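Chemist: Below you'll find the structure I mean.
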Amino acid sequence: MFARMRETEPSAGLRPFFTSLFVPSAIFGLGTGAGAPMMALLARDLGASVPVAGMIVGMIALGAVLGDLPSGSIVGRFGEQRAIIGGTVLGATGVLVSLLAPNPAILAVGAVLTGFAMAVWGLARQSYLAGALPIHMRARGISANAAMHRAGFLVGPFVGAVAVHRFGIQGGLMVEFVAIIVAGILITRSTVPEPQRSDRGGVGVLGVARSHHVVLLTLGAGSMLVGASRASREAVLPLWAEHIGVAPATVALVFGISGAVDLLLAYPAGVLMDKCGRLVTAIPALLLFGTAFLILPMIHELWWLIVVAVVLGAGNGMSNGLVMTLGADVSPPDRRAEFLAAWRLTHDTGSFTGPLVVGAVATVSLAAGAMTIGALGVVGAAVMWRYIPRYVPSPRARLNHPDMVRP
């Protein structure tokens, strides 16, 4: 299915990836965007309480965390194409289980399966791009793929709304079911051959993680704080909006504005990383997150809430593709899939635990929860400033020494 970009005509740029990866990513994102908003409503419709419905939505993220390490072994052993096929089947099964769930417990099982499939899909795409893209355009290629997924996710709720109007709450999941299958078919029908991979045997994901534990515990800590900052905005912003009396419909509009800013900056962030290095987006993104969360408790008017939402959207857009690009930069070519599985776990752990930290601290006060995440964003900027230069050479150095820097 896939070929290394160095074996592709250099002048082709990102064109070979458009139909083989970018379009399927957009369709996959569309399905996720259509189905995700309906999970909590479906749980409530099956009789779940509000807290239980929230936990069921969190099961998708839990499934992704649980799937990160096994997906490395799956991709490493069977290759990207077979992993995509397996992820497609598993994802479609998870959505189908959710659609047919007779109670919240079965719905939670479907959510976990869906999240697990997303981990396999995500790792297969990242492993392919890491090996296929030439280093001088790695960041923009990864950012373009992520931007297409975000664009699909942004459109997804509108497509889902049409289906929900016609079929009820299950309509959103019906769109997700179809989108997963279509995306899987498109990406596996590509005629481009898979890259060759060495077969060294005997070293699994945990073995690769142990041999690269230094970079996972240092630069990986920055990745985890990026994940925590990204995920926490989806919890903190609406809760603070409710706290100051903003109507739910207005909150949705504020999120739409934030999402538009996010998408606008998604691809330019990749270009900046390729031309100026990874630090040029990593530090501003985390400082934007940190600043927005730290000043949020001082906001009591709608217009200032919009300003904070725009800042958070800018931070999310600036960090688009950052974690995946850094993972590609520091991954060992002969065990890329296994390493990236451990690397993705750092980010996904942050995404899963960030909102939990907010919730725990918010038992004291929501303002304290927001400020805690803001402080972690600033710490994340310091971690990136310290460790990115150590593990990732500058653009000029990469041209002279294309192999990544080792700890």
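Chemist: Which is over 16 Å from the mean Cα position of the chain (by Cα) and over 24 Å from T281 (Cβ atoms), of F116, F158?
Modeler: Criteria check complete, one pass: F158.
Chemist: Related question: Picking from F17, F2, F78, which residue would you name as being aromatic (F, W, Y), at pLDDT below 85, more than 17 Å from the chain's Cα centre (by Cα) and outside the structural domain of I142 (by TED's automatic domain parsing)?
Modeler: Details: F17 fails: outside the structural domain of I142 (by TED's automatic domain parsing); F78 fails: outside the structural domain of I142 (by TED's automatic domain parsing).
Of the residues listed, the single one that is aromatic (F, W, Y), at pLDDT below 85, more than 17 Å from the chain's Cα centre (by Cα) and outside the structural domain of I142 (by TED's automatic domain parsing) is F2.
Chemist: Still on this structure, please answer the following. From D334, D329, grab the single residue that is in contact with a Lys or Arg (Cβ under 7 Å, 6 or more places away or on another chain), of a type in the set (D, E), closer than 25 Å to G141 by Cα and surrounded by fewer than 23 Cβ atoms within 10 Å (Cβ to Cβ). Reasoning before the result, please.
Modeler: Details: D329 fails: in contact with a Lys or Arg (Cβ under 7 Å, 6 or more places away or on another chain).
The conditions single out D334.
Chemist: Residues of the range 291-321 being surrounded by 24 or more Cβ atoms within 10 Å (Cβ to Cβ) and within 30 Å of A130 (Cα to Cα), which ones?
Modeler: The initial filter retains those residues of the range 291-321 that are surrounded by 24 or more Cβ atoms within 10 Å (Cβ to Cβ), namely 292-293, 296, 308-309, 312-313, 315-321.
Within the range 291-321, L312, G313, G315, N316, G317, M318, S319, N320, G321 qualify.
Chemist: Could we say that A111 is surrounded by 23 or more Cβ atoms within 10 Å (Cβ to Cβ) and within 17 Å of A61 (Cα to Cα) here?
Modeler: On the way: surrounded by 23 or more Cβ atoms within 10 Å (Cβ to Cβ): yes; within 17 Å of A61 (Cα to Cα): yes.
For A111, the condition - surrounded by 23 or more Cβ atoms within 10 Å (Cβ to Cβ) and within 17 Å of A61 (Cα to Cα) - is met.
Chemist: Any idea which of L340, L312 is touching a Gly at 6+ places or on another chain (Cβ under 9 Å) and either farther than 28 Å from L265 by Cβ or modelled with pLDDT of 85 or more (or both)? Spell out how you get there, then give the answer.
Modeler: Details: L312 fails: touching a Gly at 6+ places or on another chain (Cβ under 9 Å).
The unique qualifying residue is L340.
Chemist: Now, a different point. Here are some conditions: (1) at pLDDT 90 or above; (2) surrounded by fewer than 13 Cβ atoms within 10 Å (Cβ to Cβ). V378 meets all but one. Which one does it not meet?
Modeler: (2) is the only condition that V378 fails.
Chemist: Report, by residue number, each residue of the range 125-143 that is at pLDDT 85 or above and under 13 Å from the mean Cα position of the chain (by Cα).
Modeler: Hits for the range 125-143 are I142, S143.
Chemist: To continue, here is another question. Do the conditions hold for V175, that is, is it more than 20 Å from the chain's Cα centre (by Cα) and crowded, with 23+ Cβ neighbours inside 10 Å?
Modeler: Numbers: more than 20 Å from the chain's Cα centre (by Cα): yes; crowded, with 23+ Cβ neighbours inside 10 Å: yes.
So V175 fits the description; yes.
Chemist: Regarding the range 207-217, can at least one residue be identified that is of a type in the set (V, I, T), at pLDDT below 90, touching a Pro at 6+ places or on another chain (Cβ under 9 Å) and not in a helix (DSSP H, G or I)? Can you show your working first?
Modeler: Applying the first criterion (of a type in the set (V, I, T)) to the range 207-217 yields 208, 214-215.
Imposing the further condition that a residue be at pLDDT below 90 reduces the set to 208.
Now drop any that are not touching a Pro at 6+ places or on another chain (Cβ under 9 Å), which leaves 208.
If we keep only those that are not in a helix (DSSP H, G or I) too, we end up with none.
No, every residue in the range 207-217 fails to be of a type in the set (V, I, T), at pLDDT below 90, touching a Pro at 6+ places or on another chain (Cβ under 9 Å) and not in a helix (DSSP H, G or I).
Chemist: Just to be sure, is D68 under 29 Å from Q170 (Cα atoms), acidic (D, E) and surrounded by fewer than 18 Cβ atoms within 10 Å (Cβ to Cβ)?
Modeler: Working: under 29 Å from Q170 (Cα atoms): yes; acidic (D, E): yes; surrounded by fewer than 18 Cβ atoms within 10 Å (Cβ to Cβ): no.
It is false that D68 is under 29 Å from Q170 (Cα atoms), acidic (D, E) and surrounded by fewer than 18 Cβ atoms within 10 Å (Cβ to Cβ).
Chemist: Further question: Is there a residue being among the aromatic types (F, W, Y) and either over 16 Å from A370 (Cβ atoms) or not assigned by TED's automatic domain parsing to the domain that holds L340 (or both) anywhere in the range 281-301?
Modeler: The first filter runs over the range 281-301 and keeps only residues among the aromatic types (F, W, Y), leaving 289, 293.
From what is left, the residues that are either over 16 Å from A370 (Cβ atoms) or not assigned by TED's automatic domain parsing to the domain that holds L340 (or both) are none.
No, every residue in the range 281-301 fails to be among the aromatic types (F, W, Y) and either over 16 Å from A370 (Cβ atoms) or not assigned by TED's automatic domain parsing to the domain that holds L340 (or both).
Chemist: Oh, and also: Only one residue in G63, G91, G58, G47 is part of a helix (DSSP H, G or I) and either touching a His at 6+ places or on another chain (Cβ under 8 Å) or surrounded by fewer than 22 Cβ atoms within 10 Å (Cβ to Cβ) (or both), so which one is that?
Modeler: Values: G63 fails: either touching a His at 6+ places or on another chain (Cβ under 8 Å) or surrounded by fewer than 22 Cβ atoms within 10 Å (Cβ to Cβ) (or both); G91 fails: either touching a His at 6+ places or on another chain (Cβ under 8 Å) or surrounded by fewer than 22 Cβ atoms within 10 Å (Cβ to Cβ) (or both); G47 fails: part of a helix (DSSP H, G or I).
One residue alone meets the criteria, G58.
Chemist: Further, regarding this structure: Answer yes or no as to whether A105 is assigned to a helix (DSSP H, G or I), in contact (Cβ under 8 Å) with a residue 40 or more places away in the chain and either not assigned by TED's automatic domain parsing to the domain that holds L340 or not β-branched (V, I, T) (or both). Quick ask: steps written out before the conclusion?
Modeler: Numbers: assigned to a helix (DSSP H, G or I): yes; in contact (Cβ under 8 Å) with a residue 40 or more places away in the chain: no; either not assigned by TED's automatic domain parsing to the domain that holds L340 or not β-branched (V, I, T) (or both): yes.
No.
Chemist: A further question on this structure: Taking interchain pairs and intrachain pairs at least six residues apart, which have beta carbon atoms under 6 angstrom, with the first residue in the range 208-237 and surrounded by fewer than 21 Cβ atoms within 10 Å (Cβ to Cβ) and the second in a helix (DSSP H, G or I) and among the aromatic types (F, W, Y)?
Modeler: T218/Y387
The values are calculated or read from the model by the stated rules, or taken from the named source; none is laboratory data. The shown structure was predicted, so the numbers you read here are calculated from the model rather than taken from an experiment. Cβ: placed from backbone, ideal geometry, glycine included. Neighbour counts: every protein chain shown.
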